[in-house]
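The values are calculated or read from the model by the stated rules, or taken from the named source; none is laboratory data. This one's a predicted model, so the numbers in the text were calculated from it and none came from an experiment. Cβ atoms come from the backbone with ideal geometry, glycine included; neighbour counts cover every protein chain shown. Quick note on the areas: whole protein, heavy atoms, side chains included, nothing else; ligands and nucleic acids left out. Shrake-Rupley method; radii C 1.70, N 1.55, O 1.52, S 1.80 Å.
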Amino acid sequence: MILSLLVTPILGVIGVILSGENSSLQKKVALASSLLTFVLSLVLWAGFDSNYNGFQFVSSFPTVTTQEVVGVDASWESIKTGIKYFLIAFLVLETLLIAVFVVLDLLLFYICFESVLIPMFLIIGIWGARERKIHAAYQFFLYTLLGSLFMLLAILVIYFEVGSTDYQVLAVADISETRQRILWLGFFLSFAVKVPMIPFHIWLPEAHVEASLAGSIILAGVLLKLAGYGFLRYSIAILPDASVFFTPLVYSLAVISIIYSSFTTLRQVDLKKIIAYSSVGHMNITLLGLFSNTIQGIEGSLILMLAHGVVSPALFICVVILYDRYHTRLLKYYRGLTQHMPVWSIMFFLFTLGNIAVPLSANFVGEFMTFTGAFQQNPVLTVLGGLGMILSAAYGIWLYNRTAFGAQSRYLAPMGDINRREFMTLLPLLFLMFVMGLFPNLFLEPMHLAGRSMNTQPKH
């Protein structure tokens, strides 16, 4: 069944190639392939046995395939040139992302982890929105590739030390504490760039601003989660002594990243950069939970990653809806959109509430559990990190108030509200956001046993 998840997007690639030059048929084939993959992931999730603490379908949460479906649908009209090659790159990216989450070999994980850069580089560099797209693509590629070279060196050391790169062998391998610390730093440099943490964050706002809508959805919805998964699966599970030793470092950098990115968000005037910098803050909150060594913190960070993968892409879709109509993302031009775009204003309001983690939203459950767990690990830094919640409310309310309310902007002529396709793209994300907020146990139940086993138990 796992194999079918990996094969289905490849079959979609073949279907797109065989569709000739019929762009409408190519889009339908790509969308059908992504939808089928999504359905298969739901089947795997339904078959997950939460009472069995072993490898089964633990990586088959439908978040990856959800964002792929949304990405194809959101790009239905925005991509005008090279549609066939865009869809091929997108489906190949989907296969690689699924592979990252399901492989159990450390070397295969690294290969898939790095291979994701190639289609993403093309999506940003070829189908990006503005003239700096080439610069943004190279910055994204080189930053993340350079960081990952340290992880490759660490993997080679592990192989020569243990004699295997199989995860189940490494999980019980006896690696000395001193060597664990050196190896942990190699993994940390790679994952810190992907989160991203300050000062490794420069590539993210640039990539978000220059990427197409589909590129931004995948960046925010899935790619930023690879680092969290890597920390949880490899840094904490394989190198537990080093994880405990470096927890103060992670907490310090995460809190600095949360506060810095939140204040930076308040100073931005580009709508996409506002959401991009807010993503930096939210992803660093998840690190507080992952390294809390508590069940609440670990499960809360997983819920927050899932929630962020729903809310942040929705906000990007709302921003691009405006850009498609007015061809600007500068905040100062927007005012009074409620008067002639009421449906968009309601949608943007609800997703803004989700982004600032109001009760009943998925983000609230994730942040509440994350901070509960992190407080048990380090109360002082957790309180400082909690400033991110206050600042996110500040920039979220300010952004919505500036765009939706007030007199009609004199710079922009009134345009139509969102169409049916845009509404149907946003509706599933809105539904997911409230389902996760109202019924979090649907997602927490499968995590309990695995979360309990992920508590860091030092080997020495």
Cβ-placed point charges (K, R +1; D, E -1), dipole of the range 234-339 about Cα centre in debye, nearest 20: 640 debye
Full-extension gain in nm, LEU156 to ASP105, via 0.36 nm per residue minus C-alpha separation: 17.1 nm
Given charges at Cβ of Lys, Arg, Asp, Glu: the chain dipole, positive-most of PHE245, LEU96, GLN180: LEU96
Accessible surface of the chain [probe 1.4 Å, protein heavy atoms]: carbon and sulfur percent: 69 percent
Accessible area expressed per residue, the chain, with surrounding protein chains retained (probe 1.4 Å, Å²): 38 Å²
For ALA211, distant residues with modelled amide H under 5 Å away: ALA129
Relative counts (whole %) of C-alpha pair distances in the range 79-159, using bins that are 10 Å wide: 17, 41, 30, 10, 1
Centre separation in Å (Cα based) which lies between the range 289-314 and the range 328-373: 18 Å
Shape category assigned to the range 349-390 from the gyration tensor of Cα positions, a/c cut at 1.5: oblate
The range 199-299 shape via C-alpha gyration tensor axes, a/c threshold 1.5: prolate
Interatomic Cα distance distribution for the chain, bins of 10 angstrom, percent: 4, 21, 33, 27, 11, 3, 0
Unit charges on C-beta of K, R, D, E only; dipole of the chain, Debye: 1300 debye
Gyration tensor (alpha-carbon) shape descriptor, the range 264-364, a/c threshold 1.5: prolate
Of GLY300, THR372, LEU315, farthest towards positive along the dipole that unit charges on Lys, Arg, Asp, Glu beta carbons give the chain: LEU315
Degrees separating the helix 362-377 axis from the principal Cα axis of the chain, which is the longest one: 30 degrees
Relative contact order for the chain, counting Cα pairs under 8 Å that sit 6 or more residues apart, in percent: 15 percent
J(HN,Hα) series, the range 279-295, from Karplus relation 6.51 cos²θ - 1.76 cosθ + 1.60, nearest Hz, glycine and proline x: 5, 4, x, 5, 5, 6, 4, 4, 5, 4, x, 4, 9, 7, 6, 10, 5
Under 27 Å between alpha carbons - lysine pairs in the chain that sit 8 or more apart or on different chains: 24
Scattering profile of the range 373-414 at q = 0.26, 0.27, 0.35 Å⁻¹ [log10 I(q)/I(0), Debye over alpha-carbon scatterers]: -0.86, -0.88, -1.08
Restricting the range 83-152 to trypsin sites (Lys or Arg not before Pro) in coil, as DSSP defines it, with at most 12 other Cβ within 10 Å: ARG130
Where trypsin sites (Lys or Arg not before Pro) fall in DSSP loop in the range 354-422, at most 13 other Cβ within 10 Å: ARG410
The range 274-344: trypsin sites (Lys or Arg not before Pro) in DSSP coil with no more than 12 other Cβ atoms inside 10 Å: none
Highest-first arrangement of 115-123, 86-94, where packing means the average Cβ count within 10 Å: 86-94, 115-123
